[in-house]
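Values quoted throughout were computed directly from the atomic coordinates according to the rules given, and no laboratory measurement underlies them. Because the structure is a prediction, the values reported are computed rather than measured. Virtual Cβ from ideal backbone geometry, glycine too; neighbours counted across all protein chains shown.
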Amino acid sequence: DGGITQSPKYLFRKEGQNVTLSCEQNLNHDAMYWYRQDPGQGLRLIYYSQIVNDFQKGDIAEGYSVSREKKESFPLTVTSAQKNPTAFYLCASSRLASPGELFFGEGSRLTVL
Amino acid sequence: QKEVEQDPGPLSVPEGAIVSLNCTYSNSAFQYFMWYRQYSRKGPELLMYTYSSGNKEDGRFTAQVDKSSKYISLFIRDSQPSDSATYLCAMSSYGNKLVFGAGTILRVKS
């Protein structure tokens, strides 16, 4: 089955530690995205990529980093510089021709202890 | 003022009711309008995708766009307990990123 796989589903981190969230897709989509979701707020875009080895900052990129070395993979690193990292993180992909039709993974919930 | 406003609810209705979910927006350049459904602890899934103004129907779901009023709606007929979820509106202008509403929590009681 085609889809997006995020791992881990739940992650706990101590303050000061970097963590990396994995996102893999087998939909052959060119575009991939990372969103953050907090209670009572809409999805906020962290980073997106439309082509391998290229990515752009979204609205809340500070404290995060990404890479796009393969079309299928778009990992997100939450660095210690991110002030409030506890959140639900969603990875998505889309065809370039239909950027509104996002396919989401099941999300990764990060809790900072 | 947020670009997209959506009442967070929760909206609680009895099974079989007609549900109306709404979003308002301020950016007149928006042309593409989407509704996503998100079950608890899951990723959102696309329900409806409409371009410009008008209605679109898919089974029990109808999406309406009124660009003159900057208002979009999602209607659910014969609501079921399985419709209980958070409904997110999203919109964009050509070539630009999506802007999401905060989501409305819907509870359908049997």
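Listed values, structure above:
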{"quantity": "Residue (of B:Leu88, A:Thr86, B:Thr104) at the positive-pole extreme of the protein assembly as shown, dipole from beta-carbon charges", "calculated": "A:Thr86"}
{"quantity": "In sequence order, calculated HN-Hα J values of segment A:61-69 (Karplus, 6.51, -1.76, 1.60; Hz; x Gly/Pro)", "calculated": "6, 4, x, 10, 9, 9, 9, 9, 8"}
{"quantity": "Fraction of antiparallel bridges per DSSP, chain B only, in percent to nearest 5", "calculated": "90"}
{"quantity": "Percent RCO, i.e. relative contact order, over chain A, from Cα pairs under 8 Å lying at least 6 residues apart", "calculated": "35"}
{"quantity": "Placed amide H near A:Leu21: partners under 5 Å, 5+ positions off or other chain", "calculated": "A:Leu76, A:Thr77, A:Val78"}
{"quantity": "For segment B:58-65, Karplus couplings with θ = phi - 60° (6.51, -1.76, 1.60), whole Hz, Gly/Pro x", "calculated": "8, x, 7, 10, 10, 9, 10, 10"}
{"quantity": "Other protein chain Cβ atoms within 10 Å, averaged over every residue that makes up A:84-95", "calculated": "1"}
{"quantity": "Inter-part distance where segment B:2-45 and segment A:70-96 are each reduced to a Cα centre, Å", "calculated": "24"}
{"quantity": "Under Karplus coefficients 6.51, -1.76 and 1.60, residue-wise ³J(HN,Hα) of segment A:48-57 in Hz, glycine/proline x", "calculated": "8, 9, 10, 7, 4, 6, 9, 7, 10, 6"}
{"quantity": "Bridge type composition, the protein assembly as shown - antiparallel percent by DSSP, nearest 5", "calculated": "90"}
{"quantity": "For chain A, alpha-carbon Rg over 2.2 N^0.38 Å", "calculated": "0.99"}
{"quantity": "Contact order relative to length of chain B, as percent, for alpha carbon pairs under 8 angstrom and 6 or more apart", "calculated": "37"}
{"quantity": "Largest-first ellipsoid semi-axes for the protein assembly as shown, taking √(5λ) over the Cα gyration tensor eigenvalues, angstrom", "calculated": "30, 20, 16"}
{"quantity": "Sequence-separation-based contact order of segment B:58-110, relative, with Cα cut under 8 Å and 6+ spacing, percent", "calculated": "30"}
{"quantity": "Convex hull (Cα only) mean projected area of segment B:30-110, reported in nm² to one decimal", "calculated": "5.6"}
{"quantity": "Pairwise Lys count, chain A - Cα closer than 20 Å, eight or more residues apart or different chains", "calculated": "4"}
{"quantity": "Candidate lysines for bridging to B:Lys67, where Cα separation is under 18 Å - those fewer than 8 sequence places away on the same chain excluded", "calculated": "B:Lys2, B:Lys56"}
